[in-house]
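No lab work stands behind these numbers, since they all come straight from the coordinates. Keep in mind that this is a model prediction, so the values were computed, not measured. Because the Cβ atoms are built from the backbone with ideal geometry, glycine has one as well, and the counts that use them run over all protein chains shown.
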Amino acid sequence: MSRYFIYSRSAYYGVVAAIPLLIAYELLLTMSGGDISQGQVRNAADVWLRMIFVSFGVSPVTATLGMILILILAIPLLRSGAVRLVPSYFGTMFIEAVAYGFALGIVINYILAFIFSFFQPLLTEALLSPPPAAIPREGGLIQGLALSIGAGLFEELFFRVILLSALLFLTRLLSRSWVGAALAITAAAFLFSLAHYVGPLGEALELHGFLFRWMAGLLFTILYYLRGFAITAYSHALYDVWVITGLMGYLGG
């Protein structure tokens, strides 16, 4: 079992697991019938990453094919040591992600309720209210599923892999103590939450939703370091799917 935990948290497994997420995201967006070419219904982090391709004159369709190709080419490059692909591990990883994704909303609500009970008891009941909808529901179920999957893939790639790594690098230049790392992690989670309130699909800023997502960013960071990119991305995507489909009962919002 220890080999499973080592293999499943590796970048090698992460990039393999990212390919079906990206393909499902693109297929569902196409099926939704929205205007995906200009990014109106795409995940914000996806749009930001695609700007790199656009700056080189690459079309949206070619950018999608380019992303898939990059992932495929990265598979042999990221294999290290004795790590090898074990197909059955991906099923176990999915089950792990289902559990983490389902538990996320419950855990965060009670953490926030516990914290605020010391400062503002009147807010405790409000903080036990349903978490914010993961993504807008106006576009229909198929578009909602697409954006849920896109959130898991692109937000984890942008905020955990790219942004957090960059912030940790910068803070280590200033201080190698735990304070610098804590500052980078907190800042990355803050920006993760804030990103949900900008752009054409951004929501109106309100306290509970902002704090909920900030806490989610912190927990996703912990999960990322403990279990790697693949399980974190799938946990994020599945949590959003639970919310958008209402499968989490009162947590469906």
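Find out how many positive minus negative residues lie around S165, taking Lys and Arg as positive, Asp and Glu as negative, among other residues whose Cβ is under 15 Å from that of S165. Each step should come with its number before you reach the end.
Working: positive: R160, R172; negative: E155, E156.
So the environment of S165 carries a net charge of 0.
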Per 0.36 nm of contour for each residue apart, how much would the distance between L69 and S88 grow if the chain were fully extended, relative to their Cα-Cα spacing?
4.4 nm
Around S235 (Cβ within 11 Å, Cβ-to-Cβ, excluding S235; K/R +1, D/E -1) the net charge comes to -2
By count of other Cβ within 10 Å, fewest leading, how are H208, H196, H236 ordered?
H208, H196, H236
Rounded to whole Å and sorted largest first, what semi-axes of the equivalent ellipsoid does the C-alpha gyration tensor of the stretch 178-229 yield via the square root of 5 times each eigenvalue?
22, 12, 10
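So, R0 is 25 Å and r is the distance between the beta-carbons of I19 and A182; what FRET efficiency does that work out to, to 0.05? Present the calculation step by step, with values, prior to reporting the outcome.
Numbers: r = 33 Å, r/R0 = 1.34.
Efficiency for this residue pair is about 0.15.
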Grab the other residues whose beta carbon is less than 13 angstrom from that of Y4, score K and R as +1, D and E as -1, and report the net.
+3
